[in-house]
Amino acid sequence: MHFVNAKGILSGNGGHNGMNIYRGCTHGCIYCDSRSNCYRFTHAFEDIEVKQNAPELLEAALKSKRKTCMIGTGSMSDPYMHCEEELGLTRKCLEVISKYGFGVAIQTKSDRILRDIDLLNEINKKAKCVVQITLTTYDDDLCKILEPNVCNTKRRIEVLEKMREQGIPTVVWLSPILPFINDTEDNINKILDECFRVGVKGIICFGMGLTLRDGDREYFYAALDKHFPGLKDKYIQRYGNAYEIPSPNYNKLMSLFMKRCKENSVMCTPDECFAYMNELPDKQMNLFDMLGE
Ligand code: SF4
């Protein structure tokens with residue numbers, strides 16, 4: 001890993017305040033879009049760039065805001081990679097978020113997030129905290145192939161349970177669904193069963209498939225050659241160089257997903273999930289409302 005002093009920390013894309021404390025990732029997911037060439041990495045993807053001044057930048061940015069809002073993190077790089085254990089930058093940023101009364105929507109695949117459950121709880125009580133966890137396969141042997149350097153699905157479900165025990169709302173990313181690998185009814189049903197059991201608020205699924213582009217595609221194909229001999233040729237024959245790689249079971253799996261989420265009153269469109277994660281309730285107002293009742 002290497003250290004830099006970043007110029008800014010909040011991206012502000014589309015009105016959302018997102019931050020990435022690290023660039024690159026060591027979790028090794030075989031399908032990772034963040035390693036695509038379009039992101040113009042000038043260093044190896046696993047050579048983590050650490051924005052060492054992230055907490056100070058965040059503090060300055062939050063101080064200058066007129067209104068509190070939700071801060072998002074984890075979309076491009078997991079905030080709980082191995083290096084977070086020693087660096088603690090994600091924790092420091094959460095402390096800043098809590099200090100200034102902002103909310104957070106944080107996304108990870110790692111159980112290291114449990115280290116910070118005290119702070120997440122504090123933020124949730126003062127403002128709002130949504131923990132987002134990605135689940136792709138119920139089969140933990142397959143999980144070890146798809147996402148080799150991070151805890152398995154069983155453990156991630158335990159993380160979701162622990163969040164629920166604290167009253168911290170959770171959202172699951174059901175993504176990506178890889179054709180001929182995890183695109184089965186059985187897999188989707190088993191993941192959904194667990195999501196409903198642990199009371200997730202919403203499930204984000206952009207469709208039953210994955211996206212591939214230059215950089216990401218080569219890495220994915222090398223992993224297919226290693227773990228699923230012959231499958232790369234099937235992909236090339238069926239999808240060529242396409243960006244969108246839909247599962248042959250797309251429609252069947254999508255209707256199953258929508259139907260079961262609706263039956264269980266779980267949000268299932270990306271729009272409603274993102275609207276929920278961007279909305280910061282006025283807790284003080286709610287208290288007055290309650291007193292008035
Ligand atoms: S955790 Fe996310 S950023 Fe890290 S390798 Fe996996 S998909 Fe990529």
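The values are calculated or read from the model by the stated rules, or taken from the named source; none is laboratory data. Quick caveat: nothing in here was measured; it's all calculated off a predicted structure. All Cβ positions, glycine included, derive from the backbone under ideal geometry; neighbour counts span all protein chains shown. Remember, those area values only see protein heavy atoms, side chains included, never the ligands or the DNA or RNA. Shrake-Rupley method; radii C 1.70, N 1.55, O 1.52, S 1.80 Å.
A few remarks follow.
- In summary, Pro248 fulfils each of the numbered conditions (1) open to solvent by 70 Å² or more (accessible area, probe 1.4 Å); (2) touching a residue at least 60 places away in the same chain (Cβ under 8 Å) with the single exception of condition (1).
- Any hit, region 252-259, residues being at pLDDT 95 or above, touching a strand residue (DSSP E or B) at 6+ places or on another chain (Cβ under 7 Å) and exposed (fewer than 15 other Cβ atoms within 10 Å of the Cβ): no
- For Asp78, the requirement of being closer than 17 Å to Thr108 by Cβ and in contact with an Asp or Glu (Cβ under 7 Å, 6 or more places away or on another chain) is not met.
- The residue that is surrounded by the fewest Cβ atoms within 10 Å (Cβ to Cβ), counting only those in region 149-175 that are more than 21 Å from Cys261 (Cα to Cα) and either more than 16 Å from the chain's Cα centre (by Cα) or among the acidic types (Asp, Glu) (or both), is Glu165.
- Test result for Leu178, within 27 Å of Phe102 (Cα to Cα), out of contact with any helix residue (DSSP H, G or I) (no Cβ under 7 Å at 6 or more places or on another chain) and either buried (at least 16 other Cβ atoms within 10 Å of the Cβ) or small (Gly, Ala, Ser) (or both): no
- Ser110 being more than 14 Å from Gln132 (Cα to Cα), open to solvent by less than 10 Å² (accessible area, probe 1.4 Å) and of a type in the set (Gly, Ala, Ser): no
- Inter-residue pairs, beta-carbon under 8 Å, first more than 18 Å from Cys195 (Cβ to Cβ) and open to solvent by 40 Å² or more (accessible area, probe 1.4 Å) and in region 136-147, second within 15 Å of the ligand (Cβ to nearest atom) and not in a helix (DSSP H, G or I), 6+ apart: Lys144/Asn152; Ile145/Ile30
- Residue count for region 55-83 satisfying the condition of being open to solvent by 20 Å² or more (accessible area, probe 1.4 Å), more than 16 Å from the ligand (Cβ to nearest atom) and not in a helix (DSSP H, G or I): 6.
For every residue, the table says whether it meets (1) more than 15 Å from the ligand (Cβ to nearest atom); (2) part of a helix (DSSP H, G or I).
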| site | (1), (2) |
| --- | --- |
| Lys92 | yes, yes |
| Ala105 | yes, no |
| Arg112 | no, yes |
| Leu119 | yes, yes |
| Lys125 | yes, yes |
| Thr137 | no, no |
| Asp141 | yes, yes |
| Ile145 | no, yes |
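- Considering region 17-50, the residues that are assigned to a loop (DSSP other than H, G, I, E, B) and surrounded by fewer than 17 Cβ atoms within 10 Å (Cβ to Cβ) include one that is nearest to the ligand (Cβ to nearest atom), namely Gly28.
- Subset of region 1-56 [β-branched (Val, Ile, Thr) and under 20 Å from Tyr243 (Cβ atoms)]: Ile30
- Just one of the numbered conditions (1) outside any loop (DSSP other than H, G, I, E, B); (2) crowded, with 24+ Cβ neighbours inside 10 Å; (3) charged (D, E, K, R) is not true of Glu86: (2).
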